[in-house]
Structure formats: structure tokens, C-alpha cells
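Read through the structure below, which is laid out as C-alpha cells, and then see the notes.
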Amino acid sequence: SDCIIYPSQALRELSSPYTNPNTREHVIPDPWQLERSHQPRDLKDGETLKIIWFGSNKNIQYLWEHMPSILETTLHNGKIELTILAQEWAIKQIKKCFGSLNKSYPNWIIRFVRWKIDQQPQQLEAEISRAHICLVPSDPTDPLKIGVSHNRIVDAVKGGCIVAASPMKSYLELSEIATLDKNIAELLNYCIKNYTLLAKKLITNRDRCLERFNPAINQSNWNEAWKKILDKKHE
């Protein structure tokens, strides 16, 4: 390739052994999709805790890998609602895995919401902005995921969610506004116990940490990248 645009520095570094030394490279992070910033929702003792997971068909397996420990160990004095926002295939697959979940875990409510491509980003914003905590499990050792974009954390934080995510390399750049650990169940409990403190931290740091994901800045970066590419082409 003459030029490569990456969504994250982590992916650029992973790709560097396989690119030509003369290849022109740019890092342009994916912009947030939500129209506005939302404040974290209040979470009072005894109220329903609302958790959301959203993602692609590929990512659903990471959620399921962590679900047994999440279901067994989550500490909350009240009902727990887990919204799974995904495409039809992923919803069907995870429904099979849950089976008789409500009988085994009566305090859990599993809410399946089908991703509607013709209603984006409005549907995504509506679902994120009603939740308290967003789960973003992944696998730092999976070659297909280690160069992942920041987009799910960015949108979740923009929507006012406290984020519990796996420690992917690109996610580490957002550690001021997201909690990161390999053990998602323990991390979820940490978020529940420290919810008020984490909400204040999110509000304090969010604007500064998310500035580079602003769609206006994204467009400017693309315009500048194209200008450099075309100028080089005509030399």
C-alpha cells in the first residue's frame, strides 16, 4: 500500500513489521456517534442496576466467556438488568447459551434488543443513555482484537456509562475514564462499589479525554490526510 489509515496507534504498531518503509501512515481515531454528552445516572441502593453490552457478532463470544463468573459474583442489593444490543445472529446464539437463566438467577433480567441499522445512531444513544454500566470484554491475546479501535468505550462514556473493559492496548489510553482489568466480574463489582466516585471522575475527565474523537476533528484529520496523499501523488 502507498498509504494506510489506522483507527488506533496500537493497530499501526502491530502492522509496522508488514508494511513498506515508504508507506505513508496516518492514525485517525473513529469519532463518537452520539449526538450529545449524557450525565451518569444516579444509582441508589436497592434500585435496578442497568448494565449494557453492545457490539458485533465477533465480540459476543467474549461476553459469554465472562458471564458465568458475572452471574455468580455480582454484588448489588436489587435487581440487575443486562441489555444485549446486537444483531439478530448474536442474539440467537447467546439466547441458546442462557437457557433457563431466569430460574437460576431470579434477580437478573436479560433484555435482548436487536440492532436496527436504519435507526443509528439514535437507537445506540437511547440504549447507552439509560444504562449505568457498560461491559466491554475482549481478549488482549486474540490476534484479531489486539489492535481494536476505541469506539465502544468512547460511545459508552459519551453516553454517561461507567465502563468495565478488558485491558486492550488502545483502551489503556482511556484509563482516566474507563476501568480496565482482565477479570470483568471483579471489575464490575468494583464499579458498583465505587459508582459515585467513578461517575464524578468521568464527568471531570471526559471532555479532555474525548476531544480527539470529536467528529469535527475527525473530518479535519481526514481532509488533512487526503491533502497530504494527493500532494505526494502529484510530486
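The values are calculated or read from the model by the stated rules, or taken from the named source; none is laboratory data. Just so it is clear, the model here is predicted, and its values are computed rather than measured. In this analysis, Cβ positions are derived from the backbone assuming ideal geometry, glycine residues included, and neighbour counts consider all displayed protein chains. All accessible areas refer to the heavy atoms of the entire protein, side chains included, with ligands and DNA or RNA removed. Shrake-Rupley method; radii C 1.70, N 1.55, O 1.52, S 1.80 Å.
The table below lists the values:
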| item | result |
| --- | --- |
| Selected residue [buried (at least 16 other Cβ atoms within 10 Å of the Cβ) and more than 27 Å from Tyr6 (Cβ to Cβ)] from His132, His150 | His132 |
| Residue within the stretch 135-151 that is in a helix (DSSP H, G or I) and not small (Gly, Ala, Ser) present | yes |
| Test: residue in the stretch 211-226 that is assigned to a loop (DSSP other than H, G, I, E, B), surrounded by fewer than 21 Cβ atoms within 10 Å (Cβ to Cβ) and in contact (Cβ under 8 Å) with a residue 12 or more places away in the chain | yes |
| Candidates Leu230, Leu172, Leu210 - the one that is touching a Lys or Arg at 6+ places or on another chain (Cβ under 9 Å) and over 28 Å from Asp45 (Cβ atoms) | Leu210 |
| Inter-residue pairs, beta-carbon under 7 Å, first at positive phi and in the stretch 32-59, second open to solvent by 40 Å² or more (accessible area, probe 1.4 Å), 6+ apart | Gly46/Asn77 |
| Residue under evaluation Asn59, criteria (1) modelled with pLDDT of 90 or more; (2) in contact with a Phe, Trp or Tyr (Cβ under 9 Å, 6 or more places away or on another chain); (3) within 17 Å of Arg152 (Cα to Cα), criterion not met | (1) |
| Given (1) open to solvent by less than 10 Å² (accessible area, probe 1.4 Å); (2) in contact with a Pro (Cβ under 8 Å, 6 or more places away or on another chain), number of the condition Leu174 does not satisfy | (2) |
| Test: Leu197 is at pLDDT 95 or above, of a type in the set (A, V, I, L, M, F, W, C) and surrounded by fewer than 16 Cβ atoms within 10 Å (Cβ to Cβ) | yes |
| Given (1) over 24 Å from Ser8 (Cα atoms); (2) under 15 Å from the mean Cα position of the chain (by Cα); (3) open to solvent by 90 Å² or more (accessible area, probe 1.4 Å), number of the condition Glu186 does not satisfy | (2) |
